[in-house]
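Here it is, the structure in full.
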Amino acid sequence: MSTLHGLKRPSRSWHRKKRVGRGQGSGLGKTAGRGGKGQKARTGNMRFEGFEGGQSPLQRRLPKFGFNSPNRTVYAVVNLSDVDTHFAAGSTVDEATLKKAGLVKGRYDGVKLLARGELTKKVTIRVHKASEAAKSAVEKAGGAVDVLPLMAHKPESASKAHAGKGVKAPRQPKA
């Protein structure tokens, strides 16, 4: 294998497709390699994943539980200790500054402030939700918490979100 034109596939690395049901002389005629009778000889054989020979399969024997609502609201969680370490006194903390600081990553519906840790600086925090303990801790440090309304869409895209869906276009006469 010193040159590209001398490359060869390894011997016996490739097999010709097995052509079944092509007569007695082929060696795979009549029953086409399936043997005689039985469930496995029939078409529509139950070979799907999890099939247990007719016994009720494990995924059906175990109980169902849990539910994830398609309309759920997921909040990015920010703790007081994170705000204390990343922001200077007198600054305004909102979703954009939290993303810039790397405290909020990914896509979320809003930001929630929790009271884990301590806040020693006076800051204004603008979030979509905040626990009562977090609010009192921020106010105790001399800051303020502004709770913003949660917007599902940007104002300009909300009107376009469902525009024209379900409305049929008028029929054009044939010329």
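The values are calculated or read from the model by the stated rules, or taken from the named source; none is laboratory data. It should be emphasised that the depicted structure is a prediction, and the values quoted were computed from it without experimental measurement. Positions of Cβ are generated from backbone atoms using ideal geometry, with glycine treated the same way; all protein chains shown enter the neighbour counts. Side chains are part of the model used for accessible areas, which takes the heavy atoms of the whole protein and leaves out ligands, DNA and RNA. Shrake-Rupley method; radii C 1.70, N 1.55, O 1.52, S 1.80 Å.
Name the one entry in GLY25, GLY35 that is exposed (fewer than 10 other Cβ atoms within 10 Å of the Cβ), touching a helix residue (DSSP H, G or I) at 6+ places or on another chain (Cβ under 7 Å) and small (Gly, Ala, Ser).
After ruling out the rest, the residue left standing is GLY35.
Here is a further query. Residue check, VAL20 against (1) free of Cβ contacts under 8 Å to residues at least 12 places away in the same chain; (2) of a type in the set (A, V, I, L, M); (3) in contact with a Leu (Cβ under 6 Å, 6 or more places away or on another chain), all met but one. Which one?
For VAL20, the failing item is (1).
Moving on. Exactly one condition in (1) of a type in the set (A, V, I, L, M, F, W, C); (2) surrounded by 10 or more Cβ atoms within 10 Å (Cβ to Cβ); (3) under 30 Å from LEU119 (Cα atoms) is false for ALA41; which is it?
(3) is the only condition that ALA41 fails.
Mind listing whichever residues of the range 130-142 are surrounded by 14 or more Cβ atoms within 10 Å (Cβ to Cβ), closer than 17 Å to ALA88 by Cα and of a type in the set (Gly, Ala, Ser)?
Selection gives ALA137, ALA141.
Right, another one. With GLY36, GLY50, GLY66 as the choices, which residue is touching a Pro at 6+ places or on another chain (Cβ under 9 Å), farther than 30 Å from ALA141 by Cα and part of a loop (DSSP other than H, G, I, E, B)?
Testing whether each residue is touching a Pro at 6+ places or on another chain (Cβ under 9 Å), farther than 30 Å from ALA141 by Cα and part of a loop (DSSP other than H, G, I, E, B) leaves just GLY50.
Separate question: Of the conditions (1) under 30 Å from ARG116 (Cβ atoms); (2) outside any loop (DSSP other than H, G, I, E, B); (3) open to solvent by 70 Å² or more (accessible area, probe 1.4 Å), ARG60 fails just one. Which one is it?
With (1) under 30 Å from ARG116 (Cβ atoms); (2) outside any loop (DSSP other than H, G, I, E, B); (3) open to solvent by 70 Å² or more (accessible area, probe 1.4 Å) applied to ARG60, the lone miss is (1).
Return the total of residues in the range 78-129 being touching an Asp or Glu at 6+ places or on another chain (Cβ under 8 Å), farther than 16 Å from LEU148 by Cβ and either in a loop (DSSP other than H, G, I, E, B) or open to solvent by 50 Å² or more (accessible area, probe 1.4 Å) (or both).
6
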